[in-house]
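For reference, the structure is listed below as structure tokens.
The values are calculated or read from the model by the stated rules, or taken from the named source; none is laboratory data. Quick caveat: nothing in here was measured; it's all calculated off a predicted structure. Cβ coordinates were reconstructed from backbone atoms using ideal geometry, including for glycine residues, and neighbour counts include every protein chain displayed. The accessibility values were calculated without ligands, DNA or RNA, using every heavy atom of the protein model including side chains. Shrake-Rupley method; radii C 1.70, N 1.55, O 1.52, S 1.80 Å.
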Amino acid sequence: MVTIVKFALAIAAALAGFNLQASTVIATFNNELTSESITRDVGDGAGPVVTTTGMFSFTRTGGTLVGSPTGTFDAFCTEPREFVTPGDTYTYDFSDLSAGATNIGGMGVAKATLIDELFGRYYPVIGAPIDAEHASALQIAIWEIVRENSGTLDVYHGNVVFSNPQDPDALNLAQSYVQSLDGTGPHLTNLYALTAIGVQDVIVQIPEPVEAFATGLALIAIALIARARRCQRPSR
């Protein structure tokens, strides 16, 4: 019994610190599954840039991270001023979502919480069927959240501005998304970042939150300890 308890505690402790470990994911960028163009200016001096918006596809080929993401997986970009190239392979660190957007030193907890709500409200399962318009709206909303510093989320105004959309409905939809984020919506807890200096960081989703698994094992360990103590008490 003591051995079982120690093993459960060790596993729970290891998983509880999972996000803090420097695990890596090596993945090849396949393509942008859903893609619409737009003009974007993130206020960094580069001026307006015509770019595409949508959901990415990667195929994992290695890395030290145990478990998901595996095989071919989907993701969204968090860095509007860095790039990935179809067919190229990248080594990413698996990080807390708040560490994403390494080109600005990480987005921080407040912006990561907004993204948790964005996906909780509008796309709770990354990789579920989605059309180009909605994928584009999500990507625009992510960039707006990550790079806007005016204090107001507005895709048409501020230091981050979008214009000349291929699909005007997508831009309008993105605006409705960011305006709805008031903290009251459902928040996902299983979004993480794949980060690499000089490479476009992306958001990925793990099927089950690692924290929940760790908590479950910890509760099992506590129950086993309690049971062991009861068994060791002398009978009266």
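Give the residue that is nearest to the chain's Cα centre (by Cα), with candidates limited to residues of the range 19-50 that are among the polar types (S, T, N, Q) and not in a strand (DSSP E or B). Steps first, please.
Initial filter on the range 19-50 (among the polar types (S, T, N, Q)): 19, 21, 23-24, 28, 30-31, 34-35, 37, 39.
Next, only the ones that are not in a strand (DSSP E or B) stay: 19, 21, 23, 34-35.
On the way: ASN19: 12, GLN21: 16, SER23: 15, THR34: 18, SER35: 19 Å.
The selected residue is ASN19.
What are the pairs, 6+ residues apart or on separate chains, where a residue within the range 185-208 that is over 18 Å from VAL109 (Cα atoms) has its Cβ under 6 Å from a residue that is open to solvent by less than 10 Å² (accessible area, probe 1.4 Å) and not in a loop (DSSP other than H, G, I, E, B)?
ALA196/TYR92; GLN200/CYS77
Identify the residue in the range 55-76 that is assigned to a loop (DSSP other than H, G, I, E, B) and closer than 16 Å to ASP201 by Cβ and, among all such residues, is most open to solvent (accessible area, probe 1.4 Å).
Going through the range 55-76, the residues assigned to a loop (DSSP other than H, G, I, E, B) turn out to be 55, 63-71.
From the residues that got through so far, the ones that are closer than 16 Å to ASP201 by Cβ too are 55, 63, 65, 69.
Details: MET55: 8, GLY63: 38, LEU65: 9, PRO69: 8 Å².
So the residue we want is GLY63.
Just checking, how many residues over the range 183-214 are of a type in the set (Gly, Ala, Ser), crowded, with 16+ Cβ neighbours inside 10 Å and at pLDDT 95 or above?
Within the range 183-214, the subset of a type in the set (Gly, Ala, Ser) is 183, 185, 193, 196, 198, 212, 214.
Still in the list and also crowded, with 16+ Cβ neighbours inside 10 Å: 193, 196, 214.
This time we only want the ones that are at pLDDT 95 or above, so: 193, 196.
Within the range 183-214, residues that are of a type in the set (Gly, Ala, Ser), crowded, with 16+ Cβ neighbours inside 10 Å and at pLDDT 95 or above number 2.
One residue is enough: does the range 176-188 have a residue meeting the conditions under 17 Å from MET55 (Cβ atoms) and assigned to a loop (DSSP other than H, G, I, E, B)? Full working, then the answer.
Initial filter on the range 176-188 (under 17 Å from MET55 (Cβ atoms)): 177, 188.
Now narrow it down to the ones that are assigned to a loop (DSSP other than H, G, I, E, B): 188.
Looking for residues that are under 17 Å from MET55 (Cβ atoms) and assigned to a loop (DSSP other than H, G, I, E, B), one finds at least one in the range 176-188, hence yes.
Of all residues in the range 169-182, count the ones that are under 21 Å from the mean Cα position of the chain (by Cα), open to solvent by 50 Å² or more (accessible area, probe 1.4 Å) and over 15 Å from TRP143 (Cα atoms).
So the answer is 1.
How many residues, within the range 92-111, are without any contact (Cβ under 8 Å) to a residue 24 or more places away in the chain, touching a Ser or Thr at 6+ places or on another chain (Cβ under 6 Å) and not in a loop (DSSP other than H, G, I, E, B)?
1
Filter the range 105-126 down to residues that are out of contact with any Leu (no Cβ under 9 Å at 6 or more places or on another chain) and either at pLDDT below 95 or within 26 Å of ARG60 (Cα to Cα) (or both), then give me how many there are.
Of the residues in the range 105-126, 3 are out of contact with any Leu (no Cβ under 9 Å at 6 or more places or on another chain) and either at pLDDT below 95 or within 26 Å of ARG60 (Cα to Cα) (or both).
Say whether the condition of being open to solvent by 50 Å² or more (accessible area, probe 1.4 Å), touching a residue at least 60 places away in the same chain (Cβ under 8 Å) and assigned to a helix (DSSP H, G or I) is met by at least one residue in the range 116-133.
Step one: list which residues in the range 116-133 are open to solvent by 50 Å² or more (accessible area, probe 1.4 Å), which gives 121-122, 124-125, 129, 131, 133.
Filter again for touching a residue at least 60 places away in the same chain (Cβ under 8 Å), leaving 121, 124-125, 131, 133.
Among the residues that remain, those that are also assigned to a helix (DSSP H, G or I) are: 121, 133.
Among the residues of the range 116-133, at least one is open to solvent by 50 Å² or more (accessible area, probe 1.4 Å), touching a residue at least 60 places away in the same chain (Cβ under 8 Å) and assigned to a helix (DSSP H, G or I), which makes the answer yes.
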